[in-house]
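Participant: Sharing a structure here in structure tokens format.
Taken together, the values in this text are just the output of simple stated rules run on the coordinates, not laboratory data. Computed from a predicted structure; not experimentally measured. Cβ sites come from the backbone with ideal geometry, for glycine too, and all protein chains shown count toward neighbours.
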């Protein structure tokens, strides 16, 4: 296995991914609006040779979000611009919504970031499931799941045309000859689709990567079809290697059916590791974190995941069954996460308290408490089993547990020959081993 086969992103989320991580003594005390906090994380991740830093986003602030310090931070694109000059090699993936944005503005913003970062940016394409976002954009109701994806197809097609509206050699910048650009190398797109009518061209030159890397995070049937068509990296949630391997195989096979090379899609499940010198010490830290959680915050967040479903009648120590949840196929919020949660309940028959503890760690992503060797061995096992091409690393506490991963897990992966010892490229596309972007020109 070549070193290129392991990819690691740092997923930055407040003061850590555990619901109670912000209360831990190893969490930062800096404000979530302090750009120096994010610059520090970026420098640490670059020192650890990570491929990129991943920023999620939510367009509404829930009560639970305030209580566990997941909200109130910087907007992702602005944060990336603030962090860019603190680093030289690491990439940045910023989330932006196709449901509550316009293609021209978004294409312009990401093209600007691609120039600012020297070709190190990616766009995490989301359709926005969070409850209440619609009211922040003047809509009485959240658009249904299928309608959001229908808009997303037209949105991405429009953006791709805009990014390709300039040839790479359009700017000649010739003062002596009196010509700045070759106007015949810039053209309108005249896009007319079911949702958008955009003339173009974009009013910024083609970016260093040709276009930002396209990243996607939906794992529903609709989301997988969308990913197979567009995604170059996929962030996905799985609690078991077996389901991750099935997802991996399905997405790669569908990409092949659509005429794409499967190795041009990087699949990155989330992993939230609690690291101790021994497995027992890591389990103790995990238990301590869970004891700091507020179960009513967890209950509110669970409700959000299921589109506002009411779980208030269920006691914390009641044993759950799938019948306590809406059918995931009917959920108009995060369908893929609803499948993960109901599957976990069906397998393990957890109490509500136990489920909330499991979700407190990383909201339905894979959590693992163990020694550095156990964490590294698990990463290796998932990659060799074709369940992942790498991981989106979600430290439960930031920055302390990021330090643990970089100091103790990364060296083991390097000794195994699974992870780079230095950067070989300067763009995010290069880190992922993606081919250059073809141009209509």
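Participant: Please label the shape of the range 332-441 as rounded, prolate or oblate, based on the square roots a ≥ b ≥ c of the eigenvalues of the alpha-carbon gyration tensor (a/c under 1.5 means rounded; beyond that, a/b larger than b/c means prolate, else oblate). Write down the numbers at each step before the final one.
Facilitator: Values: a/c = 2.23, a/b = 1.39, b/c = 1.61.
Judged from the Cα gyration tensor, the range 332-441 comes out oblate (a/c at least 1.5, b/c at or above a/b).
Participant: Residue 32 versus residue 385, label points 7 Å from Cα toward the beta carbon: distance in nm?
Facilitator: 3.3 nm
Participant: Counting other beta carbons within 10 Å of each Cβ, put 121, 345, 340, 213 in order, fewest first. Write out the running numbers ahead of the final one.
Facilitator: On the way: 121 32, 345 21, 340 25, 213 28.
By the 10 Å Cβ count, ascending, the order reads 345, 340, 213, 121.
Participant: A further question follows. With angles folded into 0 to 90 degrees, how steeply does helix 335-348 sit against the dominant principal axis of the chain? Use alpha carbons for both and round to 10.
Facilitator: 20 degrees
Participant: Could I ask something else about it? For a quick check, take a GNM of the chain with Cα springs below 10 Å and name the residue from 419, 38, 137 with the largest mean-square fluctuation.
Facilitator: Top of the fluctuation ranking is 137.
Participant: Turning to a different aspect of this structure: Please tell me the relative contact order of the chain in percent, rounded to the nearest whole number, where contacts are Cα pairs under 8 Å and at least six residues apart. Numbers along the way, then the final one.
Facilitator: Numbers: 860 pairs, mean separation 108.9, N = 441.
Dividing the mean separation by the residue count of the chain yields 25 percent.
Participant: If you build the convex hull over the alpha carbons only and average its shadow over all orientations, what do you get for the range 276-322? Give it in nm² to one decimal. List each step's numbers first, then the result.
Facilitator: Working: hull surface 18.1 nm².
Orientation-averaged projected area of the Cα hull: 4.5 nm².
Participant: Output the relative contact order of the range 126-273, whole-number percent, from Cα pairs under 8 angstrom with separation of 6+ residues. Don't jump to the answer; show the numbers that get you there.
Facilitator: Values: 178 pairs, mean separation 25.6, N = 148.
Reported relative contact order: 17 percent.
Participant: In the range 103-234, how does Rg compare with the Kirkwood Rh, expressed as the Rg/Rh ratio over alpha carbon atoms? Each step should come with its number before you reach the end.
Facilitator: Numbers: Rg = 16.9 Å, Rh = 16.3 Å.
With Rg and the Kirkwood Rh in hand, the quotient comes to 1.04.
Participant: Could you state, as a whole-number percent, how many of the C-alpha pairs of the chain are farther apart than 30 Å? Don't skip to the end; give the middle numbers.
Facilitator: Working: 41029 of 97020 pairs.
The calculated P(r) of the chain puts 42 percent of pairs beyond 30 Å.
Participant: Could you calculate the contour length gain from residue 137 to residue 102, that is, 0.36 nm times the residue separation minus the distance between their Cα atoms, to one decimal place in nm?
Facilitator: Numbers: separation 35, 0.36 × 35 = 12.60 nm, distance 1.22 nm.
Result: 11.4 nm gained on full extension.
Participant: Any idea what the relative contact order of the range 331-441 is, in percent, if you count C-alpha pairs under 8 Å spaced at least 6 apart? Intermediate results must be reported in sequence, preceding the final value.
Facilitator: Values: 43 pairs, mean separation 19.0, N = 111.
Relative contact order, the range 331-441: 17 percent.
Participant: Determine the distance separating the Cα centre of the range 293-324 from the Cα centre of the range 8-31; give it in Å without decimals.
Facilitator: 24 Å
Participant: Quick check: pseudo-label points 7 Å beyond the Cα along Cα→Cβ at residue 174 and residue 346, how many nm apart are they?
Facilitator: With each label placed 7 Å out from Cα toward Cβ, I get 6.6 nm.
Participant: Please determine, in degrees from 0 to 90 and to the nearest 10, the orientation of helix 295-305 with respect to the longest principal axis defined by the Cα atoms of the chain, where the helix direction is its Cα long axis.
Facilitator: Rounded to the nearest ten degrees, it is 40.
Participant: Report the extension gain between residue 281 and residue 373 in nm, rounded to one decimal, defined as 0.36 nm multiplied by the number of residues separating them, less their alpha carbon distance. Write down the numbers at each step before the final one.
Facilitator: Values: separation 92, 0.36 × 92 = 33.12 nm, distance 1.33 nm.
Result for the pair: 31.8 nm of gain on full extension.
Participant: Tilt of helix 352-362 relative to the longest C-alpha principal axis of the chain, in degrees (0 to 90, nearest 10)?
Facilitator: 40 degrees
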